[in-house]
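Read the figures in this text as sums done on the coordinates, not as results from a lab. These numbers were taken from a predicted model, which means no experiment stands behind them. Note that we place each Cβ from the backbone using ideal geometry, even for glycine, and neighbour counts take in every protein chain shown.
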Amino acid sequence: MNNIKYITSIILLCYACQAKTSFSVKNNTSKLIDSIKITNGYDSLTIKKIEKNEIKNFNFQFTELTPNYDGTFRVDVYPQKKSTTFGYYTNGIQPDTHFFIDITEKTISIEEKIR
């Protein structure tokens with residue numbers, strides 16, 4: 001019985017390490033976005049310089065810094081200094097999800113697609 005628990009734990013750990021959360025960010029404003037920071041509270045990713053109407057795609061990788069807690073993501077947009085929280089992860093496991101972030105003059109809208 002312990003062997004089954006051990007093997008299941010290994011499989012789940014391997015899945016968590018390989019799962020990726022991906023993002024597409026579109027600048028739907030009339031101005032250059034200087035930078036965008038996306039974080040899960042422990043790991044972060046910064047994207048520099050997004051021109052108007054430009055879309056950038058990237059993957060977010062959790063590291064060993066992310067504890068086994070539940071949490072959300074946060075996006076900060078500069079120089080507008082807008083931010084919002086979104087999404088959800090549980091027990092520190094990276095979700096296999098794609099987020100489309102649309103930044104407009106007044107709002108940040110986020111669409112989530114679970115794979």
>> Give me, ordered by chain and number, the residues 5 or more places off K82 or on other chains with an amide H under 5 Å from its own placed amide H.
In response: V77
>> Relative contact order of the range 37-96, please, whole-number percent, based on alpha carbon pairs below 8 angstrom and at least 6 residues apart.
In response: 34
> Tell me, what HN-Hα J-couplings in whole Hz come from the Karplus equation 6.51 cos²θ - 1.76 cosθ + 1.60 at θ = phi - 60° for each residue of the range 43-56, using x for Gly and Pro?
Replying inline: 10, 9, 9, 10, 10, 9, 6, 10, 5, 4, 6, 8, 10, 10
>> Once you place label points 7 Å from the Cα toward the Cβ at T29 and E105, how far apart are they in nm?
In response: 1.2
>> Going by amide H atoms built from the backbone, whose H comes under 5 Å of the H on T29, apart from near neighbours?
In response: N53
> Given R₀ = 30 Å, FRET efficiency for T90-N53 by Cβ-Cβ distance, to 0.05?
Replying inline: 0.30
